[in-house]
Amino acid sequence: MKIIGIIPARYSSSRFPGKPLADICGSPMIQHVYERVKQAKNLCDVLVATDDDRIYECVENFGGKVVMTSSELPNGTSRCEQAARFYGKEVDAVINIQGDEPLLDPLMVDEVAELLTESNEYVTLCKELNDDFENPNIVKVVMSQDNYALYFSRSLIPYKRNKSDLPIYQHIGIYGYSLEFLKKYITLPATPLSEAESLEQLKILEHGYRIKVGITNCKGESLGVDTPEDLEKVKEIIIHAKL
C-alpha cells in the first residue's frame, strides 16, 4: 500500500495567526513537524499542503516538499484531498498530520499506517488522558468495544457517575483515509454536531460512516500548539530534551 503523509498548514488562525511559522528553538514549527513525520517508516512520501506563499517559501527553504492549494477550502481534510490530486503520483491512502504537533512521535504515523492496511476507510488514534479533563482544546473520544468511535467532544466524555475507574481517552489529531474515502468525504455536506463542536471528524459519524480508533503505544508528549502559551510549553520540553 502506498501511503503519503500530508501536513495541512494555513497561515490564518483566529487564536494564533502565522502559527506554522512560529519559531521553536531556531526552526519554524512546520519544519519540526515535517522532520518528525519524515522519520516514519511506512510512508512513500511527505508533503506540506498550504495556501500561503510565506509557508510555501519556508518549506522550500528547509528542503521540504510543498504543494500550493486553494485558499477557499473549508478544512484540512479538503486540503489533503486537493494536495493528493496535485501530487501527481499514484497513492492508495493519505495520512493527515496536524501542522501544530511539533512533538509528534513518528511511531504514531506508523501506527495509523498499520491500521490503514487493515482495509479501514478512516482511522485515527487516541491515548489515555490523566488530567486537564475540562480543557476544550483537548478533544475526548469514546469508543465501542471493538474500538470504533461513538463520539468526539470538547466536553468531558464519558461522565463517570457509576464507574470511577473508567479511562478517559484523548483524541490525537492524526487521521488516515483510503484515497477513495477521502474523495467521498469532500462531497459530504456540513452537519450540525460537527459545526457546533468545530470537529470535522463528527461529520463522518453524522453521515453514518465508521472511524476506527487505535490506542497508541507511544508514551511521550503529544502537546498540540493552539495558543502562544502552548508554544512556550513546547519550547521548554524541547530545550529540556536537548540538555
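The values are calculated or read from the model by the stated rules, or taken from the named source; none is laboratory data. Remember, predicted model here, so these are calculated numbers, not experimental data. Ideal geometry is used to build each Cβ from the backbone, glycine not excepted, and the neighbour counts take in all protein chains shown. Side chains are part of the model used for accessible areas, which takes the heavy atoms of the whole protein and leaves out ligands, DNA and RNA. Shrake-Rupley method; radii C 1.70, N 1.55, O 1.52, S 1.80 Å.
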Built amide H within the under 5 Å cut-off of residue 129, gap 5+: 168, 169, 170
Size of electric dipole in region 133-230: Cβ of Lys, Arg +1 and of Asp, Glu -1, about Cα centre, debye, nearest 20: 440
Under-5 Å amide H pairs with residue 45, H placed in peptide plane, nonlocal only: 5
Karplus-derived 3J(HN,Hα), 6.51/-1.76/1.60, for each residue of region 183-190, Hz, glycine and proline x: 5, 5, 4, 5, 8, 6, x, 4
Ordering of 113-126, 155-168 by burial proxy (mean other Cβ atoms within 10 Å per residue, highest first): 113-126, 155-168
Extension reserve of the residue 227-residue 145 stretch, reckoned as 0.36 nm per residue once the Cα distance is removed: 26.1 nm
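When the dipole is taken about the Cα centre of the chain, and only Lys, Arg (+1) and Asp, Glu (-1) are charged at their Cβ, what size is it in debye, to the nearest 20?
Details: 27 positive and 37 negative charges, 63 e Å.
Dipole of the chain, to the nearest 20 debye: 300 debye.
So, for region 24-175, what is the accessible surface per residue at a probe of 1.4 Å, expressed in square angstrom?
Values: 7220 Å² over 152 residues.
I get 47 Å² per residue for region 24-175.
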Region 19-81 shape via C-alpha gyration tensor axes, a/c threshold 1.5: oblate
Bins of 10 Å, starting at 0 and running to the largest distance - Cα pair percent for region 83-171: 14, 39, 32, 13, 3, 0
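If the convex hull of the alpha-carbon atoms of region 1-125 is projected onto planes in all directions, what is the mean projected area in square nanometres? Can you show the working numbers first?
Numbers: hull surface 29.8 nm².
Here the figure is 7.5 nm², rounded to one decimal.
For residue 166 and residue 12, what is the calculated FRET efficiency with R₀ set at 35 Å and r taken between the beta-carbons, to the nearest 0.05?
Step by step, r from the Cβ atoms, then E = 0.35.
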Extreme residue, positive dipole direction of the chain, given options 58, 48, 87 (C-beta unit charges): 87
Net dipole in debye of region 22-146 [+1 Lys, Arg Cβ; -1 Asp, Glu Cβ; about Cα centre; nearest 20]: 320
Spin-label pair residue 154/residue 119, simplified geometry with 7 Å Cα→Cβ offset, distance in nm: 3.9
For the chain, projected area of the alpha-carbon convex hull averaged over all directions, nm²: 13.3
Solvent-accessible area of residue 65 with every protein chain in place, 1.4 Å probe, in Å² to the nearest 10: 100
Helical mean residue ellipticity (222 nm; -39500 (n - 2.57) per DSSP H run of 4+; nearest 500) of the chain: -9000 deg cm²/dmol
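Please identify every one of the chymotrypsin sites (Phe, Trp or Tyr not before Pro) in region 34-101 that sits in a loop by DSSP and has no more than 16 other beta carbons within 10 Å of its own beta carbon. Walk me through the intermediate numbers first.
Working: sites: 34, 56, 62, 86, 87; in loops: 62.
The qualifying sites are 62.
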Lys/Arg +1, Asp/Glu -1 at C-beta; the chain dipole; positive extreme among 107, 185, 162: 162
Portion, in percent, of the accessible area of the chain that falls on carbon or sulfur, probe 1.4 Å: 47
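Could you tell me the calculated FRET efficiency between residue 41 and residue 85, based on Cβ-Cβ distance and R0 = 22 angstrom, to the nearest 0.05?
Details: r = 26 Å, r/R0 = 1.16.
In this case the efficiency is close to 0.30.
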Label-point separation in nm, residue 137 to residue 61, each point 7 Å along Cα→Cβ: 2.5
Area of residue 171 that stays accessible when all protein chains are in place (1.4 Å probe, Å², to 10): 20
Karplus (6.51, -1.76, 1.60) ³J(HN,Hα), θ = phi - 60°, over region 162-175, in Hz, Gly and Pro reported as x: 10, 9, 5, 8, 5, x, 9, 10, 8, 6, 9, x, 9, 10
Overall dimensions of region 110-150 by Cα: Rg and Dmax, Å: 12.4, 35
5 angstrom amide H check on residue 174, placed H, neighbours 5+ away: 125
Rounded to whole Hz, the Karplus (6.51, -1.76, 1.60) HN-Hα couplings of region 133-141, x for glycine and proline: 5, 8, 5, x, 7, 9, 7, 9, 9
